[in-house]
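Please treat every number below as a calculation from the coordinates, not as lab data. Here the structure is a predicted model, which means the values were calculated and not measured. Glycine also receives a Cβ, built like all others from the backbone with ideal geometry; neighbour counts cover every protein chain displayed.
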């Protein structure tokens, strides 16, 4: 099993999310996910990535030694470092074998060790000036090859009612109103807005430019919540200025449209006790991840994949049917609905 799979299984067995472990280890969440996926292209320099792997394993209570060995096989050290390690291994092996040799052999090995040590010290110190520009050149290439990642845009999110919790790619931005929050510009990002007792919003948005969004969160039984971009041309306010009474019918019409397909394809998840839960669609897009409190209910479209850290506390109802537990209490279970 690879080091990434070992880390992921250990985290999921403890019912923890990468966001929670990012706060504990002080390691960026995208680096933790890259370690779990074994995607070395998204990791920083090898020295830092190896240190992150060791810190992550210790936080999960996993022996880091075999994971570091697997990491070294996947991402070998540079030739200079490998040669130094090989010389050290030769000296150690000779020292171990020397325990069973005679005095003459021991003296010969001791002399060889002195010579190798002097040569290694000379070679190690002499080219030390050469790796310095190499090490400096690596961070210089990173911003040059990915200039788009350094561009920052501003995200503003308000909600009705206010006080909703806002997440961007599982990063907690706080409660609404969130004003001019600096984020990295990117093509797609998953925005999630949650408020207790109301239908959550989970939507992919573009962050090529700054956004000013408002979430209207409706009670669960009254239809779907909606997300509006306040920077778009004001097409929605026109019917409201025509007659105030017409504002009510459009609100009633919005839940009426999704109400028809929603019961036919709804997957309702109810939590009888706290349980870490991750829900994705068939394409692997994250719809929800967290540890809801007991009594919480959430609805999703058909075709979702649910992974629960405490299967006995998670009950699922499909198309209005009976709510059944995903599995035994305390078990980690993954099922499709």
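On full extension, the segment bounded by residue 48 and residue 180 gains 44.4 nm, given 0.36 nm per residue less the C-alpha separation.
Remark: C-alpha extents of segment 263-336 on the principal axes read 29, 26, 18 Å, sorted largest to smallest.
Taking all Cα pairs closer than 8 Å and separated by 6 or more residues, the relative contact order of segment 3-74 comes to 37 percent. One decimal place: the segment residue 266-residue 171 gains 31.5 nm when fully extended, by the rule 0.36 nm per residue minus the C-alpha distance.
Order by neighbour count: 315, 335, 198, 151, fewest other Cβ atoms within 10 Å first, most last.
Working: 315 17, 335 14, 198 20, 151 11.
By the 10 Å Cβ count, ascending, the order reads 151, 335, 315, 198.
Extension gain, residue 206-residue 273: 0.36 nm per intervening residue step, less the Cα-Cα distance, totals 20.6 nm.
If each residue's Cβ is checked for other Cβ atoms within 10 Å, how do 157, 183 rank with the fewest at the top? Could the numbers behind the result be given before it?
On the way: 157 24, 183 17.
By the 10 Å Cβ count, ascending: 183, 157.
Return 269, 304 ranked ascending by Cβ neighbour count within 10 Å, so the fewest neighbours appear first. Let's see the in-between values first.
Values: 269 23, 304 18.
Listing 269, 304 from fewest to most nearby Cβ atoms yields 304, 269.
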